[in-house]
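The values are calculated or read from the model by the stated rules, or taken from the named source; none is laboratory data. Owing to the predicted nature of the structure, the values given are computational and were not obtained by experimental measurement. Positions of Cβ are generated from backbone atoms using ideal geometry, with glycine treated the same way; all protein chains shown enter the neighbour counts.
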């Protein structure tokens, strides 16, 4: 069995008759019939039922037809990818991001890709970190930004930056004696009414671990796993929260939230870019990762994302 026999067989099934398939393929009908007989002999099973009205696949023939279609698709994709090497990146790239990252990154990254690589279809997927991790480890998406690199299987990862978490409140309900922007000790934050994600969330796990280490009791009055709902609740002055700058820059910019960096100790978390090994690293995928790093550097330079880059890979903020 070879690719030519499979192509002949697939065309015969789709045409529904030997004569119609032979005409489309540009070969004599006896030659096509011989190719199909050779295929059946080689596999030891009948592939077509020949009737007065044409041909239809047997059960075995239908199975072979399904495989033949997939093989034809793979061959076409292989040819397209090989021809595309050295040319403009093309294709679809799926990039998973937690909501706290997507708030700052997804729109400027999408705009950059649209301008720089118009032939690439960029798909930003926003979800909780656990779901994003599952998607990238299964090979359902190409790239992901994650807060940890545990349990990522064969995926490869690289530290992009380390971000600081801040305390946030509504400006007209600011609860601290020091003004917004001034560092605030973690002990002072934990005594306030906080809204945080539930214990299923990575941010909450990090905060709980650090407060335990510091022997602090955190006053959590509400739990919410929706970033947008947390921000909305805090903006109404109902309570305060702990989030990254990247997650709240939109409301800070319009004056609905104000924040201060947390100290004694600082609360910091790493951000990794994770690459799926279940998908081919195309030119488009590699270019999008590079543009992602450029956009992140710009966000840090502009103060939208309070973070530090690994030594030698960017500018400290």
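Structure summary
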| read-out | value |
| --- | --- |
| Hits in region 6-32 - residues which are assigned to a helix (DSSP H, G or I) and either outside the structural domain of residue 76 (by TED's automatic domain parsing) or in contact (Cβ under 8 Å) with a residue 40 or more places away in the chain (or both) | 6, 7, 9, 10, 12, 13 |
| Residue that is surrounded by the fewest Cβ atoms within 10 Å (Cβ to Cβ) [pool: residues in region 244-265 that are touching a strand residue (DSSP E or B) at 6+ places or on another chain (Cβ under 6 Å) and within 14 Å of residue 206 (Cβ to Cβ)] | 262 |
| Answer residue from region 298-314, given it is over 18 Å from residue 157 (Cα atoms) and in contact with a strand residue (DSSP E or B) (Cβ under 9 Å, 6 or more places away or on another chain) and is modelled with the lowest pLDDT among those | 306 |
| Any hit, region 97-118, residues being surrounded by fewer than 21 Cβ atoms within 10 Å (Cβ to Cβ) and outside any helix (DSSP H, G or I) | yes |
| Unmet criterion (only one of (1) farther than 30 Å from residue 283 by Cα; (2) surrounded by fewer than 14 Cβ atoms within 10 Å (Cβ to Cβ); (3) under 46 Å from the mean Cα position of the chain (by Cα)) for residue 48 | (2) |
| Considering residues of region 193-207 that are crowded, with 18+ Cβ neighbours inside 10 Å and part of a loop (DSSP other than H, G, I, E, B) only, the residue modelled with the lowest pLDDT | 201 |
| Test: residue 258 is in contact with a helix residue (DSSP H, G or I) (Cβ under 6 Å, 6 or more places away or on another chain), in the same structural domain as residue 192 (by TED's automatic domain parsing) and under 28 Å from residue 142 (Cβ atoms) | no |
| Count of region 33-60 residues which are closer than 13 Å to residue 1 by Cβ and touching a residue at least 40 places away in the same chain (Cβ under 8 Å) | 2 |
| Matching entry among 140, 158, 154 (being surrounded by fewer than 17 Cβ atoms within 10 Å (Cβ to Cβ), within 22 Å of residue 94 (Cβ to Cβ) and in contact with a strand residue (DSSP E or B) (Cβ under 7 Å, 6 or more places away or on another chain)) | 158 |
| Wholly within region 220-317, strands (runs of 3 or more DSSP E) carrying at least 3 residues that are farther than 24 Å from residue 131 by Cα and touching a residue at least 60 places away in the same chain (Cβ under 8 Å) | 258-263 |
| Lone unmet requirement of (1) exposed (fewer than 14 other Cβ atoms within 10 Å of the Cβ); (2) assigned to a helix (DSSP H, G or I); (3) within 20 Å of the chain's Cα centre (by Cα) for residue 212 | (3) |
